[in-house]
Each structure stands twice: as structure tokens, then as C-alpha cells.
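The values are calculated or read from the model by the stated rules, or taken from the named source; none is laboratory data. Owing to the predicted nature of the structure, the values given are computational and were not obtained by experimental measurement. Glycine also receives a Cβ, built like all others from the backbone with ideal geometry; neighbour counts cover every protein chain displayed. Ligands, DNA and RNA are excluded from the accessible area calculation, which covers all protein heavy atoms including side chains. Shrake-Rupley method; radii C 1.70, N 1.55, O 1.52, S 1.80 Å.
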Amino acid sequence: MSRIEADRPVKPVKGQTGVRSPGRANIAARTLRTDKWWFQSALTFTLLSLWVLYATARTVSQRAYFVEKYHYLSPFSSPCVTASCNPAARDFGTWFPHFPPFLPYALIVLPFLLGFRLTCYYYRKAYYRAFWSSPPACAVAEPHTTYSGETRFPLIVQNAHRYFFYFAMLISLINTYDLIRAFRGGNGGFGIGLGTIIMLINVVLLWAYTLSCHSCRHAIGGRLKHFSAHPVRYKAWTFVTKLNTRHMQLAWSTLASLTITDAYIALVSGGVFSDLRIIH
Amino acid sequence: MTYLAKFRVWRGDDKGGDLADYKVDVNEGEVVLDIIHRLQATQSGDLAVRWNCKAGKCGSCSAEINGRPRLLCMTRMSTFTEEETITVTPMRAFPVIRDLVTDVSFNYRKAREVPSFAPPANLKPGEYRMQQVDVERSQEFRKCIECFLCQNTCHVVRDHEENKQAFSGPRFLMRIAELDMHPLDTADRQHQAQDEHGLGMCNITKCCTEVCPEHIKITDNALIPMKERVVDRKYDPLVWLGSKIGRRS
């Protein structure tokens, strides 16, 4: 094939497309990278899979999600608005009758939280690489014969990320409310325990992750063409832009903080150890 | 301090080729392009390589070193061990002409397909003064030296030759973003980006950003903002409604 013909649309043939296309340098190897290019994807695959397994197990277990004495409510079960919840955890009322086994108590928000993470620009990069090998790493040939990106259903739904972001803001408010309730002593007054501190760190990280979202950056000011005409939004955009450069780190930190918060509450609730109290 | 390095360099043309082994002297402070030039001078006078400034600013000497898209002139030999065999190949997303030289005309064709800056028709030269905050976003994109390493590493065309017609690649989607962020540009860049330049094919895996020798945040500052702008115009019913009742531009 001549050079001029090279980028005409051609029907892809397995083994003869991509880096093995006619006209390109004849190199059989899918990559000549000598570093451990597979490591990043393998690590992402492992950590995300473990997190999903943990979160699924904990949300369907319907157990050890609440410490009534200090009002520690696990973020995996908040808001607790079913009759199956401990009555003290139902601060927002009882919206649903008893849930059957295996139905997560936070069913009302989990689809939005899941949607927010699934359509997140960082997680997209992570799971496209780690779970779909598209591509497995930079300059490493992917195994797929054809590719249409995010132009068709279902992946075109990624464009709804901003709506999940709006819901995530609301859910962060609920998490903040849970945190305020966790400043409670054993006698019912004000108190702080290690659980409160862990919940505080979790909520700060959740807010930072949510606000560092690319859709937030766009809505707050990125969509403008004329920054000088909108100085306040420009300032806000500058702040979110700084956070946005840490979006990946925040994405992973929040997975860790959610897990630690839930595990701590589960262990205290299950009586494995008692909460370390700082004040009352 | 000189040592004898092991090199494997791809030799051939569009009809075929293979990796050829060389042993060549390396001096302290040299870059890979120096070694390629030494090969030309001492062992392989017909070795084809495209280069110009040798300072990381002309974007000519793009190639792949140990499988990674890099500029030959900006890759220091000190980043490799003396025992390591260094493999140098042409960029693998474009048709090869000979040895390390590829035909990058795909990029020039895509560049021509991007409509140029379109200021308001009644604006006279000198009538508009831009403030720094209005230009700084596009200034980052203007650092591009057009080495086409981002185009080369983007799997949408690297791994799918058939996508070259529909997809312009990160360099030219960044150019569209640059124009769309310009306060005076009046063209409809959002529909162009999605419908004519294939922005929807980008799955933001950030390889373009990883290989950019100018460290331009192509994905975070150009491609994702452009995707969000496309959502404004094509997929967000609230923004559409806002534009109909005159609350959003």
C-alpha cells in the first residue's frame, strides 16, 4: 500500500490492523517497551476489584453498619431510610418498608454514587486500561479489532457525568450531616472519638474528590470563553483547577477512606474493640 | 567516559524491514540522537533519520525508544544502563518511508480540516485587547511543537488504522479547544469537534499527555474541557433549555 493510501478507511482484519497495518514499519511485537508496562494496569485491576468486592459484601450484609452510642453511621448505609434500619439511624425518616436480605440499606443513593465513579474521567482512564485493555498501556497494542470509543451506547452515557456530579454533591451533604451527628458523647452530649476523626477525614476527602471533578471545573467557570468578564467565577475555577490536578489521588484516597470508615464502624459495632474516646 | 552501547535500530521501508544490531561508542552527556548520528557517520551512512534543531523545539526527531514515543534529541543516554540494549524504531502509527523516517502527512491533512480563527465580522484589527487571564489557557496549547508524539501514541489511530478518517487526534482536538476558548472566536467548534473530528472516540486514557515533550496537559486542559463543552451543546437538556430561555449562552 502506498503512503497516500495508508489512512483511507479500510475494513480491519485481525492481525493486520493497528501497528501491523500494511505500510507501517514491519515489527511483529505488540510493543517494544522494556519497562513493566503491565504493572500499573494489574495494580489498578486488583485494587478496584478488591474494593468492589468489599463494598458489595458490606452493603449487602446489612450488618454492623451503625454504632448507636456515638451515632457512627457507615457511609455504605447512609442515608438509612428503610424500616429495616436501626430506628436511631433513621434521621431522614422511614421511606421504605423492611428490605429483604441482601438489599443495601443505602439503595436510594448507591446507583448515583456508582454512576459518579463509573463516569468519572479519572476512573474511565483507569478501567479502560485495566479492565478493557483499551489500551493496556501507552504504546502497547490493544487486543480489539475495532474501536468506537464513547460514540455509541452504552459508553455515550459517559456524557451524563455532570448529572451524577450534582447528585454526588447532595450525597456529600448527607455525609456531612452524618459527620455532625457523630460528634456525640456516650452520655448524649458533645463528644469526639477516633470514629469521629475517621469520619471527618473521610468527609473532607469526599468533598475534595467531588469538587475536583472535571464537570465541576467546567460548570464553575471552565465553560466560559471570557474569564476577565467573570472575575469571581475565574477565581473559583482557579481553585477547582488546583484541586482537579489531584483528582486521581483523591479518587484513590476516597476509596481508602470509605473502606477505613466503614471497617472501623463495623469493628466497633461488632464489639471487636470499643471506640477510642478523645472527649467523652 | 566512553562506553560501547548496544543498539537495535529498525532498518527498512514500507515493503519490509527488521531490527539491525549495532555497537557504538557513547560519551558522557550525549542523547540518543547523537548516537544515531554517530551510527550514520561511522557504520551506516545510509541510515535515514529526520532531525533539525537538536533542542526539543522543532519536533522533527520523533521516534520510539525502547517502545516509548520520545524525541531522539531529548532522551539522554544517562537514563539507560550501560548493559541495556536500546531499541530505536520509527513511530508506529504512521506509514514508514525509510528507517526512522515516517510519513506524517496525515497530521497536515487533519490540520487543514480545522477551520481557522473566526473573529466577529465587524471587528477591525487593533480594536480588541486581550487580558492575560483570557489568553493563558490557549497559551499552554501554543507550546505545541507538532512532534506528533501524541498522535502517534493515541490508540484510537495507532491501533485502528480505519479510524484515521473519522478521528483527528489529540493535537488537532487541542487546536479546536484552543480556538473554542478564545473570547472572540465565533465558529461552532463544539459540533465540529464531535461530528467532524471524532472527539467522542477519545476515551481519555491520557497517553497523549504522558508523551508530550512540552508537558502540555492535553487531556485535562483541552480534551476533557472540550468534551464538557460538547455535552453542553449536544447532550445536556438543562443547558439546552437554558439557552432557549436566554439564561445560558
Select, from A:262, A:275, the only residue that is part of a helix (DSSP H, G or I), among the charged types (D, E, K, R) and away from chain B (no Cβ under 14 Å).
-> A:262
Do we have any residue at all in the range A:20-35 that's modelled with pLDDT of 95 or more and more than 14 Å from chain B (Cβ to nearest Cβ)?
-> no
If a residue has to be within 18 Å of the chain's Cα centre (by Cα) and part of a loop (DSSP other than H, G, I, E, B) to count, how many in the range A:47-78 make the cut?
-> 2
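Could you tell me whether residue A:198 is more than 30 Å from residue B:181 (Cβ to Cβ), of a type outside the set (Phe, Trp, Tyr) and crowded, with 17+ Cβ neighbours inside 10 Å? Don't jump to the end; show me each part of the working.
On the way: more than 30 Å from residue B:181 (Cβ to Cβ): yes; of a type outside the set (Phe, Trp, Tyr): yes; crowded, with 17+ Cβ neighbours inside 10 Å: yes.
So residue A:198 passes the test.
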All but one of (1) out of contact with any Asp or Glu (no Cβ under 7 Å at 6 or more places or on another chain); (2) in a loop (DSSP other than H, G, I, E, B); (3) of a type outside the set (Gly, Ala, Ser); (4) open to solvent by 60 Å² or more (accessible area, probe 1.4 Å) hold for residue B:53; which doesn't?
-> (4)
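Say whether the condition of being in contact (Cβ under 8 Å) with a residue 60 or more places away in the chain and among the hydroxyl-bearing types (Ser, Thr, Tyr) is met by at least one residue in the range A:237-248.
Residues of the range A:237-248 in contact (Cβ under 8 Å) with a residue 60 or more places away in the chain: A:247-248.
Okay, now just the ones that are also among the hydroxyl-bearing types (Ser, Thr, Tyr), so none.
No, the conditions are met nowhere in the range A:237-248.
Is it true that residue B:140 is among the charged types (D, E, K, R), in a helix (DSSP H, G or I) and either more than 9 Å from every other protein chain (Cβ to nearest Cβ) or within 13 Å of the chain's Cα centre (by Cα) (or both)?
On the way: among the charged types (D, E, K, R): yes; in a helix (DSSP H, G or I): yes; either more than 9 Å from every other protein chain (Cβ to nearest Cβ) or within 13 Å of the chain's Cα centre (by Cα) (or both): yes.
When the stated conditions are applied, residue B:140 passes them.
Looking at residue A:44, is it within 14 Å of another protein chain (Cβ to nearest Cβ), in a loop (DSSP other than H, G, I, E, B) and either polar (S, T, N, Q) or over 17 Å from the mean Cα position of the chain (by Cα) (or both)?
Against the criterion (within 14 Å of another protein chain (Cβ to nearest Cβ), in a loop (DSSP other than H, G, I, E, B) and either polar (S, T, N, Q) or over 17 Å from the mean Cα position of the chain (by Cα) (or both)), residue A:44 does not qualify.
Any residue in the range A:201-213 that is under 23 Å from residue A:122 (Cα atoms), assigned to a helix (DSSP H, G or I), within 14 Å of chain B (Cβ to nearest Cβ) and touching a residue at least 12 places away in the same chain (Cβ under 8 Å)?
Of the range A:201-213, the ones under 23 Å from residue A:122 (Cα atoms) are A:201-213.
Adding the requirement that they be assigned to a helix (DSSP H, G or I) leaves A:201-211.
Among the residues that remain, those that are also within 14 Å of chain B (Cβ to nearest Cβ) are: none.
So far as the range A:201-213 goes, no, none of its residues is under 23 Å from residue A:122 (Cα atoms), assigned to a helix (DSSP H, G or I), within 14 Å of chain B (Cβ to nearest Cβ) and touching a residue at least 12 places away in the same chain (Cβ under 8 Å).
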Residues in the range A:196-211: is at least one modelled with pLDDT of 95 or more and more than 19 Å from the chain's Cα centre (by Cα)?
-> yes
Has the range A:89-107 got at least one residue that is modelled with pLDDT of 95 or more and assigned to a helix (DSSP H, G or I)?
-> yes
Scanning the range B:99-119 for residues that are more than 10 Å from every other protein chain (Cβ to nearest Cβ) and open to solvent by 40 Å² or more (accessible area, probe 1.4 Å), which turns out farthest from residue A:25 (Cα to Cα)?
-> B:119
Inspect the range B:10-19 for any residue being open to solvent by 10 Å² or more (accessible area, probe 1.4 Å), over 12 Å from residue B:100 (Cα atoms) and within 14 Å of chain A (Cβ to nearest Cβ) and give the result as yes or no.
-> yes
Looking at (1) touching a Ser or Thr at 6+ places or on another chain (Cβ under 8 Å); (2) at pLDDT below 95; (3) closer than 30 Å to residue A:126 by Cβ, can you tell me which one residue A:6 breaks?
-> (3)
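For every residue, the table says whether it meets (1) surrounded by fewer than 24 Cβ atoms within 10 Å (Cβ to Cβ); (2) within 11 Å of chain A (Cβ to nearest Cβ); (3) in contact with a helix residue (DSSP H, G or I) (Cβ under 7 Å, 6 or more places away or on another chain).
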| site | (1), (2), (3) |
| --- | --- |
| B:135 | yes, yes, no |
| B:147 | no, no, no |
| B:150 | no, yes, yes |
| B:157 | no, yes, yes |
| B:165 | yes, yes, no |
| B:173 | no, no, yes |
| B:179 | yes, yes, yes |
Pairing a residue in the range B:42-59 that is closer than 13 Å to residue B:20 by Cβ with any residue that is among the aromatic types (Phe, Trp, Tyr), where Cβ atoms lie under 9 Å and the two sit 6 or more apart in sequence or on different chains, gives B:43/B:22; B:44/B:22
Output the residue which, of all residues in the range A:154-169 that are away from chain B (no Cβ under 11 Å) and within 22 Å of residue A:79 (Cα to Cα), is least open to solvent (accessible area, probe 1.4 Å).
-> A:168
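Before we move on, is residue A:151 free of Cβ contacts under 8 Å to residues at least 12 places away in the same chain, open to solvent by 30 Å² or more (accessible area, probe 1.4 Å), among the hydroxyl-bearing types (Ser, Thr, Tyr) and within 8 Å of another protein chain (Cβ to nearest Cβ)?
Working: free of Cβ contacts under 8 Å to residues at least 12 places away in the same chain: yes; open to solvent by 30 Å² or more (accessible area, probe 1.4 Å): yes; among the hydroxyl-bearing types (Ser, Thr, Tyr): yes; within 8 Å of another protein chain (Cβ to nearest Cβ): yes.
It is true that residue A:151 is free of Cβ contacts under 8 Å to residues at least 12 places away in the same chain, open to solvent by 30 Å² or more (accessible area, probe 1.4 Å), among the hydroxyl-bearing types (Ser, Thr, Tyr) and within 8 Å of another protein chain (Cβ to nearest Cβ).
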Test set (1) within 19 Å of the chain's Cα centre (by Cα); (2) open to solvent by 60 Å² or more (accessible area, probe 1.4 Å); (3) basic (Lys, Arg) - residue A:233 fails condition number = (1)
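For the range B:210-219, enumerate the residues that are over 23 Å from residue A:156 (Cβ atoms) and polar (S, T, N, Q).
Selection gives nothing.
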Hits in the range A:170-190 (condition: open to solvent by less than 60 Å² (accessible area, probe 1.4 Å) and not in a loop (DSSP other than H, G, I, E, B)) | A:171, A:172, A:174, A:175, A:176, A:178, A:179
Can you find a residue in the range B:56-64 that is within 22 Å of residue A:140 (Cα to Cα) and more than 14 Å from chain A (Cβ to nearest Cβ)?
-> yes
